[in-house]
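Chemist: Have a look at this one before I ask anything.
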Amino acid sequence: TPLINAIIQLSGTDRIAITDSLGRFLADSIKPGSYKVEVDHPILDTLGILLSTAPMNFVANEVTRVLIAVPSQEFLAARFCPPARRALGPGTLVGRVREPDSEVAAVGARVSLVWYDPDPALVAGLQVKVNKAPRVREATVGEDGTYRLCGLPEKYEGKLQAQRKDGGTTAEVVVSQEDGVLALRSMSVA
C-alpha cells in the first residue's frame, strides 16, 4: 500500500513534498543538478530504515518521474531475523521503545510478547479446551531504540511488554496480528 503523508525531500535543498492518498507527490522549482530523493515516514522510523534513491539528474523545464518502493514485508522480515529464528515461525514484530519524557531510545529495555496458541478446531462438533503454556519471544532494545521479535506465528493475539533496563515500570499493550508477516509497534516506558 502507498505511504500516505510521507515527507519527500531532495537532498541538499529546501524542496519538500508530501505524498497523497495514492503515494504520489510533486516537488517543483528544482534547480538543475543531481539529488537524492529521500523519504521520511513514521513507519520507516519505526522500522529503523532510511529510504532514498541513488543520485538522480534533474534538468530545467523537464518532469522527472521516480518510483520509490518500500521493501516488502517478507524482505524486511528476512533482513531483521536470522534463518534459525524464522524457522520458529514466519511472523516478525518490529518496533521502538522510547523514554516517555525525552523520546530518547530506551536502550537495554527488555521487550517480550506473550501469547497462547489457539484452541484446536471443533472435534466431532465439540469445542475442545486444552491447557496450554504461554508462548514467549523476547528481545533487548538496541542503541537505535528498536527491537525485533522473530519466529512468531502468522496470526496471534497477545500482550507486548517493555520493561526498563533498571527494572522500573513495565509498559504493556494488547497486540494482534491477523494476516501478514511483519507487524509494527512503538511504545514508551514510564
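The values are calculated or read from the model by the stated rules, or taken from the named source; none is laboratory data. Every value quoted in this text rests on a predicted model; they were computed, and no experiment measured them. Cβ: placed from backbone, ideal geometry, glycine included. Neighbour counts: every protein chain shown. Note: accessible area is taken over every heavy atom of the protein model, side chains too, but ligands, DNA and RNA are not part of it. Shrake-Rupley method; radii C 1.70, N 1.55, O 1.52, S 1.80 Å.
Chemist: Give me the percent of accessible area attributable to carbon and sulfur for segment 1-152, probe 1.4 angstrom.
Modeler: Ligands and nucleic acids excluded, carbon and sulfur give 55 percent.
Chemist: Does segment 53-113 come out rounded, prolate or oblate, given a ≥ b ≥ c as the square roots of the eigenvalues of its C-alpha gyration tensor, rounded meaning a/c under 1.5 and, failing that, prolate meaning a/b above b/c? Mind dumping the intermediate values first?
Modeler: Numbers: a/c = 4.17, a/b = 1.63, b/c = 2.55.
Oblate is the answer for segment 53-113, as a/c is 1.5 or above yet b/c matches or exceeds a/b.
Chemist: Search the structure for amide H atoms under 5 Å from the amide H of Gly91, placed 1.01 Å from N in the peptide plane, and list their residues when 5 or more places away or on another chain.
Modeler: Amide H neighbours of Gly91: Gly151, Leu152, Glu154.
Chemist: I've got another one for you. Sequence neighbours fewer than 8 away in the same chain don't count; with that in mind, list the aspartates and glutamates whose C-alpha is under 17 Å from Lys165.
Modeler: Glu99, Asp101, Glu103, Glu138, Glu143, Asp144
Chemist: Further question: Hey, what D do you get for segment 1-72 in µm²/s if you plug the Kirkwood alpha-carbon radius into Stokes-Einstein at 25 °C and 0.890 mPa s?
Modeler: It diffuses with D of about 193 µm²/s by this estimate.
Chemist: Can you run phi through the Karplus equation (6.51, -1.76, 1.60; θ = phi - 60°) for segment 27-41 and list ³J(HN,Hα) in whole Hz, with x for Gly and Pro?
Modeler: Computed from phi, the couplings for segment 27-41 are 10, 10, 6, 8, 5, x, x, 10, 9, 8, 9, 10, 10, 10, 7 Hz.
Chemist: Provide the solvent-accessible area of Thr170, counting protein heavy atoms only and rolling a 1.4 Å probe, rounded to the nearest 10 Å².
Modeler: Approximately 70 Å² for this residue.
Chemist: Under the Kirkwood approximation for Rh and a Cα-based Rg, what ratio Rg/Rh is obtained for the chain?
Modeler: Details: Rg = 20.9 Å, Rh = 19.2 Å.
Using Cα coordinates only, the ratio equals 1.09.
Chemist: Where does each of 21-30, 109-118 land if you order them by average Cβ count within 10 Å, highest first?
Modeler: Averaged packing, sorted descending, gives the order 109-118, 21-30.
Chemist: With a 1.4 Å probe and all protein chains left in place, how much accessible area per residue does the chain have, in Å²? Display every interim value, and only then the final one.
Modeler: On the way: 11620 Å² over 190 residues.
Averaged over the residues of the chain, the accessible area is 61 Å².
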